Amino acid sequence: MVISSKQNKIHKNHASQRVRQISPSGIRKYFDLISPDVISLGIGEPDFTTPWNIREAAIYSLEKGFTMYTSNYGIPELREEVSRELERLYGLRYDPKTELIITVGVSEGVDLVMRAIIDPGDEVIMTDPCYVAYQPAVTLSGGIPVLVPTDQEHEFTLPASEVEKRINSNTRALLIGYPSNPTGAVMTREGLLQLADVARRNDLLVVSDEIYNRLVYGVEYTCFAALPGMKERTILLGGFSKSYAMTGWRVGFAAAPAGIIENMMKIHQYTTMCAPIMGQMAAVEALKHGEDSVQEMVESYDWRRRVMLKGLRDIGLTCFEPRGAFYCFPSIKKTGLTSEEFSERLLKEEQVLVIHGSTFGKCGEGHVRCCYATSMPNIEKALERMGRFVSRLI
């Protein structure tokens, strides 16, 4: 269908001011560019199929006729299993009746919490670069994103001193996502303790997106809410997409003080109502019997991580060692191209898809995100093609 300039003008004039402030995701546009000849290091999705026992639980739920709405908070059994899992991993105990809500992935969780805690003009501090949904979620809630620059030299960790410099009377919350998408960075316990001290002294809420919590390699992982005094001021977001290869199931959760969860539920019940019951049943099985599968996937990702990191360095790109998620974030500055030019030319000339770093913020410029959640033959072939491309530039 051809849209006339007049129609386009009408549609533009009827867009809300908040929607006009945000841009379409720089990642999603690449979905339509993937062809059989293209090796994709672009989409942040496990190449594993959801383990059979998890799929079987969903099939069983359908056979038994579980096709109805659930509680707005999610099915009780799943909330209970999430509570047990957080206690097992981090010693945290959340009341499954009042302090947990099941969301349609962590993406909905980010949206719900921002709309639940933010008033127009409130400021939310976050890293630059950061996951593409963070800034729009704040903007759409009426808030103002405040970005703290991070860099490769400091492994894209968030300095507490730089956070404190940006706090004022309008600052409402700190939004963090570690292990990080897009960089693969992991914060140390000491660094998180410093952020916790800033949050405590300035009475800030902390929204901690920990969707990649199980994908950590060779370092200690610290859950922010488990730090001393942080459970009562933290909204912990987690889910099943990455660790259990369940991206399409769209099941996540939020754990927080009861008052915040209740306010998130108010929004949730008027928008999505509940996460699909079949996905929730599958998530129960994942938590009960999915640990072996998680460990197998983590071992495979770690192997791929090391191969990709070495390969990127061998072809002449600078890259710090990512310790979490499944991304490398090499610098491409020495090629003389912008990150978008690099990505577009690499795709056109060598049929390798990476995501330009500027998608994730100004400080992502000069980098590209390379996802190693793909097969080892694909990684090796992609590195060979990238090597040819880079050799023509430097």
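The numbers here are math on the coordinates, done by the rules we state, and not lab data. Because the structure is a prediction, the values reported are computed rather than measured. Note that we place each Cβ from the backbone using ideal geometry, even for glycine, and neighbour counts take in every protein chain shown.
Sorting the segments 360-370, 236-246 by their mean number of nearby beta carbons within 10 angstrom, highest to lowest, gives 236-246, 360-370. Only one residue of Ala286, Phe240, Gln351 has its Cα farthest out toward the positive end of the dipole of the chain, where Lys and Arg carry +1 and Asp and Glu -1 on Cβ, and that residue is Gln351.
Per residue, the convex hull spanned by the Cα atoms of segment 194-267 amounts to 96 cubic angstrom. Translational diffusion of segment 249-370, estimated by Stokes-Einstein from the Kirkwood radius over alpha carbon pairs at 37 °C in a medium of 0.692 mPa s, is 183 µm² per second. Over the C-alpha atoms of segment 131-193, the Rg to Rh ratio, Rh being the Kirkwood estimate, stands at 0.96.
Neighbour counts of C-beta atoms inside 10 Å place Tyr73, Tyr60 in the sequence Tyr60, Tyr73, starting with the fewest.
Relative contact order for segment 67-290: 29 percent, from Cα pairs under 8 Å spaced at least 6 residues apart, divided by residue count.
Placing +1 on the Cβ of every Lys and Arg and -1 on the Cβ of every Asp and Glu, with no other charges, gives segment 145-233 a dipole of roughly 340 debye about its Cα centre.
For the chain, the 222 nm mean residue ellipticity estimated from helices alone, with every DSSP H stretch of n ≥ 4 adding -39500 (n - 2.57) and the total spread over all residues, rounds to -12500 deg cm²/dmol. Of all DSSP beta bridges located in the chain, what percent are antiparallel, nearest 5? So the antiparallel bridges amount to about 45 percent of the total. Cα extents for segment 165-207 along the principal axes, largest to smallest and rounded to whole angstrom: 32, 20, 17. Dipole of segment 242-394 computed with +1 at Lys/Arg Cβ and -1 at Asp/Glu Cβ about the Cα centre; of Cys328, Met376, Met297, farthest Cα towards the positive end is Cys328.
Relative to the compact-globule estimate of 2.2 N^0.38 Å, the Cα radius of gyration of segment 67-290 comes out at 0.95. Per the Kirkwood formula applied to alpha carbons, segment 56-134 shows a radius of gyration over Rh ratio, Rg over Rh, of 1.06. In terms of overall dimensions, the C-alpha atoms belonging to segment 146-255 reach 40, 32, 25 Å along their principal axes, ordered largest to smallest. For segment 67-290, the share of DSSP beta bridges that are antiparallel, to the nearest 5, is 30%. Taking the empirical scaling 2.2 N^0.38 Å for compact globular proteins as reference, segment 259-325 has a Cα radius of gyration ratio of 1.81. Near Ser40, the amide H atoms lying under 5 Å from its own belong to Leu353; only residues 5 or more places off or on other chains count, and H is placed 1.01 Å from N. Of the cross-linked pairs Lys310/Lys381; Lys97/Lys266; Lys242/Lys288; Lys310/Lys362, those separated by over 19 Å at the C-alpha level are Lys310/Lys362.
Taking the centroid of alpha carbons for each part, segment 253-271 and segment 151-181 are 25 Å apart.
Segment 324-375 and segment 49-108 have Cα centres spaced 35 Å apart. Taking the three principal axes of the alpha carbon atoms in the chain, the coordinate ranges are 59, 55, 50 Å, sorted in descending order.
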